[in-house]
1. Of the residues B:269, B:261, only one is free of Cβ contacts under 8 Å to residues at least 40 places away in the same chain and either in a loop (DSSP other than H, G, I, E, B) or over 20 Å from residue B:446 (Cβ atoms) (or both); which?
2. Looking at segment B:52-88 only, could you name the residues that are of a type in the set (Lys, Arg) and at the interface with chain A (Cβ under 10 Å from one of its Cβ atoms)?
3. Taking the residues in segment A:329-347 that are assigned to a helix (DSSP H, G or I) and touching a Ser or Thr at 6+ places or on another chain (Cβ under 9 Å) as candidates, determine which candidate is nearest to residue A:437 (Cα to Cα).
4. For segment A:275-285, how many residues meet the condition of being modelled with pLDDT of 90 or more and either within 25 Å of the chain's Cα centre (by Cα) or of a type in the set (Phe, Trp, Tyr) (or both)?
5. Working only within segment B:301-347, note down all residues that are of a type in the set (Lys, Arg), within 13 Å of chain A (Cβ to nearest Cβ) and assigned to a helix (DSSP H, G or I).
6. List the helices (runs of 4 or more DSSP H) inside segment B:6-115, counting only whole elements, that have at least 1 residues being out of contact with any strand residue (DSSP E or B) (no Cβ under 9 Å at 6 or more places or on another chain), at pLDDT 90 or above and on the phi > 0 side of the Ramachandran plot.
7. Could you please tell me which pairs satisfy a Cβ distance under 8 Å, a separation of 6+ or placement on different chains, a first residue in segment A:24-39 that is over 18 Å from residue A:237 (Cα atoms), and a second residue that is modelled with pLDDT under 90 and surrounded by 11 or more Cβ atoms within 10 Å (Cβ to Cβ)?
8. Quick check on my filter: what residues within segment A:362-373 are surrounded by 24 or more Cβ atoms within 10 Å (Cβ to Cβ) and not basic (Lys, Arg)?
Amino acid sequence: MSYACLIVTAIVVIILLKLVNKIRNLFKIPAVPYLEETWWGPRDKSEEDDSIKPFTINISDEVIEDLQHRLKKARPFIPPLEGIQQQYGLNTNLLNKIVEFWRTEYNWKERETFLNKFPQFVVSVQGLRLHYIHVKPENPEGRKVLPLLLLHGWPGSVREFYDIIPMLTTPRPGCNFVFEVIAPSLPGYGFSEAAVRPGLGAIQAALLFKNLMIKLGFPKFYIQGGDWGAIIIHHMGTLFPEQILGLHSNMCSVNSLKSNIKLFFYSFWPTLLVSPEHVHKIYPRLAKLANLVLETGYMHLQATKPDTVGVALNDSPVGLAAYIIEKFITWTNPAWKELEDGGLTKKYTYTALLDNVMIYWITNSITTSMRLYAETMSAANRTLQVDSIPVTVPTAAARFTYDLTYSPTVLLKEKFQNIVHASDYDAGHFAAFEEPKILSDDIFTAVEKMELFHKNQHSS
Amino acid sequence: MGALGKLFIIFAVLVIFVGYRLNNLLQPSPPPKLEEKWWGRGDPAGEDKSIRTFKVHVADEVLKDLKYRLSHARPFTPPLEGIQQQYGMNTNLLKEIVDFWTTKYNWREREKLFNQYPQYLTSIQGLDIHYIHVKPKGTNLKVVPLLMLHGWPGSVREFFDVIPLLTTPQTDKNFVFEVIVAAIPGYGFSQPAVRPGLSPAHAAMIFKNLMKRLGFDRFYIQGGDFGAIILQNLAVLYPEVVLGFHSNMCTVYTPLSYLKTMVGAVWPTLFTKAEHVERVYPLWESFVHRLRETGYLHLQATKPDTLGVALNDSPVGLAAYILEKFTTGTNISHQSREDGGLKQYYDYADLLDNVMLYWITGSMPTAVRLYSETFNKNFMSLGTGRMPVQVPSACARFRNDFYTSDGLLKEIFPNLLHLSDHEGGHFAAFQVPDVFSRDVFVAIEKFENFNSNLGAKA
């Protein structure tokens with residue numbers, strides 16, 4: 001071989017090696033990051049009161065009168081364009097109906113009593129006074145009581161769990177355990193205080209809730225969540241495996257480079273990936289991605305300018321209602337976009353929907369709730385690459401057909417390496433709110449498997 | 001740049017090149033022929049085609065209601081520690097503006113300012129179009145008609161300082177302008193469409209018809225933001241009526257331009273002036289910056305009706321949403337200033353005039369619909385944004401606005417007679433009216449020379 005050949009080969013080999021290293025780096029699993037126990041609240045550490053205080057919602061008459069006034073004086077809505085239902089966003093003919101109901105039939109005092117039916121508390125964690133519902137089973141009847149942390153998302157609240165909590169805390173025949181539920185409001189949402197300094201993204205929220213559970217006396221516990229709740233519990237599974245007995249998510253997804261490459265190749269033979277009835281949930285890729293673009297404008301805005309849009313939303317109750325309730329249409333069933341009434345009453349009552357809106361309104365929390373998007377998608381948080389770190393604690397994935405994305409088990413296993421239970425249901429994004437029985441049944445089934453997993457671990 | 005980066009660039013270049021060859025085949029398609037649509041209610045047969053004079057007069061109730069809302073605005077969420085405008089409008093700044101609005105801003109005085117110019121309404125294709133029409137006073141110079149269009153979240157108000165400058169003879173120019181400043185349908189006092197489909201192409205038709213109604217068979221056009229987009233469509237669809245096009249937001253979005261931009265990543269000065277390279281490269285930074293500043297666009301292009309409710313019901317909310325654009329749009333570096341840099345270039349009263357125009361007409365919800373009508377398959381497949389503008393063109397680039405490199409401009413503006421660079425931002429006419437007007441005069445002079453030479457040859 002001539003010298004020239006040798007030199008060229010050497011150069012090619014060096015470039016290839018550099019490329020291989022670069023490519024390997026793309027697939028490398030990052031280390032679990034060290035998280036600072038940041039003090040998030042306005043008060044000084046020395047003056048913070050650590051005790052757990054009972055909490056009751058008690059809104060002053062002024063707030064309700066002011067709300068009524070704003071509803072009455074809401075500026076007339078622009079009518080929808082001819083022939084349009086929800087395709088340009090919330091249909092204002094529908095909004096008129098909802099606002100009319102809000103003004104004339106929705107009774108806040110009654111709803112306040114309803115919302116106070118579960119014992120609620122506030123406790124300070126890392127400087128933030130966190131609100132949570134804590135329900136113990138009334139009569140466990142000899143069952144093992146398992147602590148379960150339940151996390152909501154955006155634009156939801158603890159209200160989503162009011163039907164499922166009794167189902168989770170009531171003993172079932174044939175099941176030797178029952179749950180004790182802790183359902184907090186996310187920081188900056190509802191009755192939980194908001195951070196006063198930047199940085200509180202989903203990863204930091206995971207630390208916050210681990211600390212909450214430890215403070216409440218639960219060194220080990222189960223976790224369940226959807227939307228931001230899911231993202232936070234996934235991080236908890238990654239970061240604190242010693243504390244997490246198992247995680248049940250109704251929004252399990254994976255979005256790594258590897259999984260996207262696989263999705264591309266599987267597009268040529270989809271039934272290798274999932275059974276035929278699920279293929280339409282994943283393919284065609286381009287249509288799915290186009291739909292995501294159609295539905296993520298809010299996310300784009302909230303991840304970049306939450307404080308701008310928050311002003312209007314916090315000052316106009318009808319505006320807030322439109323912004324929030326739109327999601328209950330499109331994310332429960334995208335087919336509802338073709339309905340002038342948005343299909344809402346098929347699964348929800350206006351009362352329940354407005355309870356959720358009221359939680360944002362009476363606590364002035366819409367702006368701080370949206371900041372979670374900006375904090376999580378910040379460069380600082382993305383460089384931690386926690387999404388790329390696997391979850392090895394027992395995991396259950398409950399997939400809902402009409403949710404924003406669908407991830408088949410085969411792909412989920414890349415990140416969630418210990419899936420003990422995976423199931424598919426025909427319902428939407430707000431699973432606990434829309435189908436509490438389906439979700440609670442799934443949780444019990446999943447945790448039964450997880451308990452068995454732990455039993456086997458101990459006996460082996 | 002790393003080996004992986006270079007590999008990616010080469011791959012991307014190949015993909016775009018192949019796509020370009022397959023898609024474009026070098027021959028631009030002819031401009032589409034649009035159907036003239038009826039956008040309003042009522043019977044086309046009974047349309048009142050008269051030109052009616054118009055004056056802004058807001059009822060006392062509206063002002064009283066506004067005052068009530070301002071003084072009963074719910075408390076703002078304070079900004080996070082150490083943050084200026086990075087999470088959006090800083091509410092400490094907003095508080096200062098709202099205090100001014102509540103205590104010092106006098107609408108009746110501002111109304112007089114609005115009514116200083118002759119205004120009219122006339123129905124075009126079923127919609128009342130509002131416009132200001134100012135003719136130069138007593139001059140022997142040639143008077144040339146100039147149609148000017150604003151964008152979002154602007155209004156005719158942006159041109160108030162420019163109008164007297166353009167309608168006043170310059171010592172060194174042998175012509176002067178007769179200015180028609182119109183409001184886009186769905187903005188301000190121009191009525192909104194009642195049915196979907198009023199894209200920039202159809203808006204262009206409406207303005208062509210407006211000028212025809214006013215007696216102008218041929219005219220000059222000037223615009224920025226959506227004004228530039230609509231007028232670019234006008235120039236492409238109806239070149240026979242356009243004497244020349246001056247844009248302060250020349251943009252090029254053809255496959256070839258993407259190719260050039262990517263190739264420029266390895267050889268920046270190939271298509272971009274050396275002193276402007278930092279405005280385009282590194283590409284990743286430009287891309288991330290664009291992503292950070294287009295959340296509003298994404299939401300308005302998909303769910304305008306959802307967003308519109310809150311913006312039309314809360315004046316402080318409306319002000320925050322609009323004025324945020326005047327901070328970053330004037331200069332992105334203002335994002336790190338608690339005062340947003342607003343007082344440096346604008347008076348709060350002037351800024352609020354623009355906000356008031358949206359408030360008193362309740363037009364924000366219909367204004368944001370323009371984004372949905374633009375960013376969709378129907379309009380984009382027309383391809384007017386990728387067709388060259390054959391009429392004489394001028395691009396005025398303002399430093400802090402969107403930037404298009406010299407080497408890309410000729411794809412859309414093959415007849416570019418004037419290219420200039422100035423200090424200033426996105427709202428050029430509003431921020432630097434002197435520089436802006438001067439540039440318009442210089443450009444149109446070149447157009448006039450070009451057109452008269454054409455005429456001489458004919």
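The values are calculated or read from the model by the stated rules, or taken from the named source; none is laboratory data. In this text the structure is predicted, and so the values were computed from the model without any measurement. For neighbour counting, all protein chains shown are included, and Cβ atoms are generated from backbone atoms with ideal geometry for every residue, glycine included.
1. Details: B:261 fails: free of Cβ contacts under 8 Å to residues at least 40 places away in the same chain.
After applying the criteria, what remains is B:269.
2. Applying the first criterion (of a type in the set (Lys, Arg)) to segment B:52-88 yields B:52, B:55, B:64, B:67, B:69, B:74.
The answer is B:69, B:74.
3. At the first step, the residues of segment A:329-347 found to be assigned to a helix (DSSP H, G or I) are A:329-330, A:334-338, A:344-346.
Within this subset, residues satisfying the condition of being touching a Ser or Thr at 6+ places or on another chain (Cβ under 9 Å) are A:336-337, A:344, A:346.
Working: A:336: 22, A:337: 26, A:344: 19, A:346: 16 Å.
The selected residue is A:346.
4. Total satisfying the criteria: 6.
5. Just the residues of segment B:301-347 that are of a type in the set (Lys, Arg), to begin with: B:303, B:325, B:337, B:343.
Within this subset, residues satisfying the condition of being within 13 Å of chain A (Cβ to nearest Cβ) are B:303, B:325.
Across segment B:301-347, the qualifying residue is only B:325.
6. On the way: elements: B:60-71, B:91-103, B:107-114.
Filter on segment B:6-115 gives an empty set.
7. Note: pairs meeting the criteria are A:26/A:257; A:27/A:257; A:27/A:258.
8. Filtering segment A:362-373 for residues surrounded by 24 or more Cβ atoms within 10 Å (Cβ to Cβ) gives A:365-372.
Listed by number, the residues that qualify are A:365, A:366, A:367, A:368, A:369, A:370, A:372.
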